[in-house]
Amino acid sequence: MMAQTLFKTSIGRRSFLKTSVLAGGGLMLSFSWLGGCQLNPKDGLTMPKEWFELNGYLKIGENGIVTIISPNPEGGQNVKTSMPMIVAEELDVDWKNVIVEQAPLNTELYTRQFIGGSQAIRQGWRSLRLAGASARQMLREAAAQAWQVSVEEITTEAGTLFHKTSGKSAGYGEMASAAAKIQVPKEVKVKEVKEFKIIGTSRKNVEGRKIITGKPLFGIDTKRDGMLIAMIVHPPAFGMKLKSVEDSSAKGMPGIKDIFTIKTFDDAYERQYFDTCTFPEVVAVVGNTTWEVLNAKKALKVEWETFSDHTISRNAFGSTQAVDIPAGLESTTEHMANMAQWMTKSANVVRRDGNPELAFKNSAKIIERTYTAPFLAHNCMEPMNFFAHVTAKKAELVGPLQKPEFTEKALSSRLGMPLENIEIHMTRLGGGFGRRSYAHFLLEAALISQKMDAPIKLIYTREDDMTSGIYRPTYSATYRAALDADNNLIAFHVKAGGIPESPLYANRFPAGAVDNYLAEDWSINSNITVGSFRAPRSNFIAGAEQSFLDEVAEAAGKDPIALRLELLARASKNPVGENNEYEANRYAGVLELVREKSGWDNAKPHIHRGVAAYFCHNTYVAQVLEMTFENGKPGIPRVCCAIDCGIVVNPDAATNLAEGAIVDGIGNALYGAMTFKEGLPEKNNFNKYRIIRHSEAPKSIDVHFVQNEIDPTGMGEPAFPPVIGALANAMYKATNKRHYNQPFVQALETSALRM
Amino acid sequence: MAVINLNVNGKKQAVDVDPQTPMLWVLREHLNLVGTKYGCGIAACGACTIHLEGMAVRSCQLPVSSAENKAITTIEGLSENGDHPVQKAWLEHDVPQCGYCQSGQIMTAVALLHDNPNPTDAEIESAMHGNICRCGTYLRIRAAVKTAAKSQSL
């Protein structure tokens, strides 16, 4: 008997309980002009007259058209295509007959509707397959009943049901009405990997045509009758708060409706994990048009004052924490000096294997290096914004955010309105990168709408966006390695910290590969607010660690890939300690693949190469970056990237994401930095904050996936962190100088001029 | 406030606005053409790129009064159904990630190919320098511009 993969449907909560048979095109889960993918007349599809909902993820029209509901927000990671592909695969339909709709926030129907941790595909894998497979089973049962045959004899192919013996066949649309009345099966068979027809094939972005024709898709494109425009004015510096507002002249300006202050959180409210808010009291300016509001904003006279040390209460996934917010106007120069003090101090020991002190004492050679990186602003191309329409009875919110479920709770508390009266609709995000996990702007929009008793759209100017905090923290890590007389790595020590958090992952490679290992962390508090930034903490520690290993390999007289493989072989055969958070063989696998594909063993003249490999967010990535110097200018002709993310759902989209992560990683490592002077963020727009541009991107990127049948893992983040190490290592080869402090651009350009 | 006569995507229409209002906001809020995006407001990111008499300009720095009666093209006016050669090339290469900057990228690319139907890589990079893509789709943009150049020359 053939091996079968059976999934129990009992995990399905309400999404797999039959809800209702919707007639007359009643799109229970759809909304407004921003949501669904309209049929394109060129595709030759016609909208069905009736929809039959088989579960919370899909409905089938009488003409065989299938709507698949994509549960998670879409911010460029392409889940709005990839997640429905998984449902379509198990449903066994032709992808060209599929329409995709964005689900609103619905915690009853869906789990984990958020962008974060590169988890959408990994954690959605099972329920998405189940949604498709259980609906297919219901269609087969409907056909079996109609034809009075055994369900086992009903087969499907591309949206058609067949009974081979009798020669009967019917489209899904013909059986949809009957299938919707069938009990949801208790257990269903899902496909074997070799049976996949959609998963593993490249499918184009379902919103591609809308994007390239400029259709309204983004939160900032939202428009309603009677909608007003709102902007905020926030304190100019961290460590400051509102003192007074002089708005008499601004209030009288053309188009201005009102100017008032809002308090985003009540003092007594226990904030949830994603309720970070830099400036909890801001001035709101509301008017008819953006231009009028912008002008009034400039005319406003606001006084600010420094705040004192204070404490807020925060609930971090069940436990209440007191978060101290220190007073003071902080500067980057002090930050650097304060972090440097930790180079020589003992910190908090997180992991200790063997006897590192003794091993260092008995070693033949010790290497010690310190790495730093600055605060980073996310700089999503679509500035923070949200539409809100709050009435006495209900609140409707439309816009881009990453974690609606968490924001909903804060909103319910702030408005004093039960969750069931709050609707949150997710629009396409014009970039997220972690920034839109902290949706204080949604609360601000709701409070402004409530005060105005009107629908409003809150828009942050670029300057408001860039200076409103929630940055990637600034970090520092000091590494030490001990080699014995035979150049074996006998001890490894990492001490990592930052403002206000440490980037340490104590149980990641090379933990488990070295007998004597010590990992310590420290942190320095600050009033500069921080939050997740693409591959949090990994986005720094990977580059530091991979740069350091490059120096260890050099000191040991070993090829950098060979050294890593040697350590991984040790971790695989005879791991040191417990809780090592990686599979050494898969780690080695991407290194082997990148060695082969990059032609690592055949060096080319004038091409300076750096390698790095990292495992985070459940995916393994190795990269080789090639650098040239021509006419005193550094260039990156090629990045070769090997990835093990298990089954690749949509290869071209995954490749696009890896290319983007590589460009983004290089850009932030070379140019990214938010600096402060007396609390003031020194950059407020793209004329000051340097973002990588066309000519600075690599000339080519080739992405190679390890072929296996392991359940898929995420792609949004893992290709970002290691490229910073590969870049630093290539820069060393190109300049004969190690680079320890990001952003690298100035040191690199100075080195280039000297060459 | 003043009545300004505009010619947007071949359609003549009048708006009654402050003559200093940037074209960007007139397009987005008065004419409901939201394909032109706000990114920086200081002509530093290219998200708001439109064509003024065939030239690529940043609409966030273009007062509506200075565009009076001049031919303006926005992303919505490039083609009826996304079938301009540059748009088709964008679909072929599946360029966008988040997609927010892409209408600006496309408008710059169309203007480039109008002036220089067969640009080199360096000419593409130079012409597109003012358009930021935060997701890092630069390689696909370059490939799409080259595909469009080829298809236009057929």
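The values are calculated or read from the model by the stated rules, or taken from the named source; none is laboratory data. If you're wondering where the values come from, they're calculated on a predicted model, not measured in any experiment. As a convention, Cβ positions derive from the backbone with ideal geometry for all residues, glycine included, and neighbour counts pool all protein chains shown. All accessible areas refer to the heavy atoms of the entire protein, side chains included, with ligands and DNA or RNA removed. Shrake-Rupley method; radii C 1.70, N 1.55, O 1.52, S 1.80 Å.
Summary table below
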{"item": "Filter result (in a helix (DSSP H, G or I), open to solvent by 40 Å² or more (accessible area, probe 1.4 Å) and touching a residue at least 12 places away in the same chain (Cβ under 8 Å)) within the stretch A:137-176", "result": "A:Glu141, A:Gln145, A:Ala146, A:Glu153, A:Glu174"}
{"item": "Enumeration of residues in the stretch B:83-116 that are facing another protein chain (nearest Cβ under 8 Å) and in a helix (DSSP H, G or I)", "result": "B:Gln87, B:Trp90, B:Leu91, B:Gln102, B:Ser103, B:Ile106"}
{"item": "Residue within the stretch B:62-80 that is closer than 25 Å to A:Gly255 by Cβ, at the interface with another protein chain (Cβ under 9 Å from one of its Cβ atoms) and open to solvent by 30 Å² or more (accessible area, probe 1.4 Å) present", "result": "no"}
{"item": "Number of the exception - A:Asp644 against (1) open to solvent by less than 10 Å² (accessible area, probe 1.4 Å); (2) within 12 Å of another protein chain (Cβ to nearest Cβ); (3) among the charged types (D, E, K, R)", "result": "(2)"}
{"item": "Residue, farthest from A:Arg534 (Cα to Cα), within the stretch B:94-118, restricted to residues that are touching an Asp or Glu at 6+ places or on another chain (Cβ under 9 Å) and surrounded by fewer than 22 Cβ atoms within 10 Å (Cβ to Cβ)", "result": "B:Asn116"}
{"item": "Number of positions in the stretch A:448-458 that are on the phi < 0 side of the Ramachandran plot and surrounded by fewer than 24 Cβ atoms within 10 Å (Cβ to Cβ)", "result": "5"}
{"item": "Residues satisfying the stated conditions in the stretch A:509-554, i.e. charged (D, E, K, R) and within 29 Å of A:Lys733 (Cα to Cα)", "result": "A:Arg534, A:Arg537, A:Glu545, A:Asp550, A:Glu551, A:Glu554"}
{"item": "Whichever residue in the stretch A:103-128 is of a type in the set (Ser, Thr, Tyr) and more than 20 Å from A:Ala658 (Cβ to Cβ) and, among such residues, is modelled with the highest pLDDT", "result": "A:Ser127"}
{"item": "Among (1) open to solvent by 10 Å² or more (accessible area, probe 1.4 Å); (2) within 9 Å of chain A (Cβ to nearest Cβ), the one test that B:His51 misses", "result": "(2)"}
{"item": "Residue list for the stretch A:658-685, filter: at the interface with chain B (Cβ under 7 Å from one of its Cβ atoms) and open to solvent by 10 Å² or more (accessible area, probe 1.4 Å)", "result": "A:Glu659"}
{"item": "Per-region count, the stretch A:216-241, residues within 19 Å of A:His389 (Cα to Cα) and open to solvent by less than 10 Å² (accessible area, probe 1.4 Å)", "result": "10"}
{"item": "The stretch A:60-81: number of residues that are within 11 Å of A:Gly716 (Cβ to Cβ) and among the small types (Gly, Ala, Ser)", "result": "2"}
{"item": "Which listed residue is open to solvent by 10 Å² or more (accessible area, probe 1.4 Å) and farther than 27 Å from A:Ala569 by Cβ, from A:Gly469, A:Gly531", "result": "A:Gly531"}
{"item": "Among residues of the stretch A:188-221, those that are assigned to a loop (DSSP other than H, G, I, E, B) and within 30 Å of A:Met138 (Cα to Cα), counted", "result": "14"}
{"item": "Identity of the residue in the stretch B:3-32, in contact with an Asp or Glu (Cβ under 7 Å, 6 or more places away or on another chain) and open to solvent by 30 Å² or more (accessible area, probe 1.4 Å), that ends up nearest to the other protein chains (Cβ to nearest Cβ)", "result": "B:Asn9"}
{"item": "Residues satisfying the stated conditions in the stretch A:223-233, i.e. under 23 Å from A:Val283 (Cβ atoms) and within 10 Å of chain B (Cβ to nearest Cβ)", "result": "A:Met227, A:Ile229"}
{"item": "Yes/no for A:Phe441 being open to solvent by 10 Å² or more (accessible area, probe 1.4 Å), assigned to a helix (DSSP H, G or I) and touching a Phe, Trp or Tyr at 6+ places or on another chain (Cβ under 9 Å)", "result": "no"}
{"item": "Residue that is most open to solvent (accessible area, probe 1.4 Å), among those in the stretch A:46-105 that are of a type in the set (A, V, I, L, M, F, W, C) and part of a loop (DSSP other than H, G, I, E, B)", "result": "A:Met47"}
{"item": "Selection within the stretch A:706-755 - outside any loop (DSSP other than H, G, I, E, B) and open to solvent by 30 Å² or more (accessible area, probe 1.4 Å)", "result": "A:Tyr732, A:Lys733, A:Asn741, A:Gln746, A:Ala747, A:Glu749, A:Thr750, A:Leu753, A:Arg754"}
{"item": "A:Asp453 under 26 Å from A:Pro104 (Cα atoms), out of contact with any Lys or Arg (no Cβ under 9 Å at 6 or more places or on another chain), away from chain B (no Cβ under 14 Å) and of a type outside the set (A, V, I, L, M)", "result": "yes"}
{"item": "The stretch B:119-154, subset more than 8 Å from chain A (Cβ to nearest Cβ) and of a type in the set (Val, Ile, Thr), residue surrounded by the most Cβ atoms within 10 Å (Cβ to Cβ)", "result": "B:Val145"}
{"item": "The stretch A:263-277 residues that are touching a residue at least 24 places away in the same chain (Cβ under 8 Å), paired with ones that are among the small types (Gly, Ala, Ser) (beta carbon under 6 Å, 6 or more apart)", "result": "A:Tyr269/A:Ser413; A:Glu270/A:Ser313; A:Tyr273/A:Ala316; A:Phe274/A:Ser437; A:Asp275/A:Ala410; A:Thr276/A:Gly531"}
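Yes/no per residue for (1) surrounded by 16 or more Cβ atoms within 10 Å (Cβ to Cβ); (2) in contact with a Gly (Cβ under 8 Å, 6 or more places away or on another chain); (3) closer than 30 Å to A:Ala728 by Cα:
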residue: A:Val323; (1), (2), (3): no, no, no
residue: A:Ala327; (1), (2), (3): no, yes, no
residue: A:Glu330; (1), (2), (3): yes, yes, yes
residue: A:Thr344; (1), (2), (3): no, no, yes
residue: A:Val350; (1), (2), (3): yes, no, yes
residue: A:Pro400; (1), (2), (3): yes, yes, no
residue: A:Pro404; (1), (2), (3): yes, no, no
residue: A:Ser413; (1), (2), (3): yes, no, no
residue: A:Glu420; (1), (2), (3): no, no, no
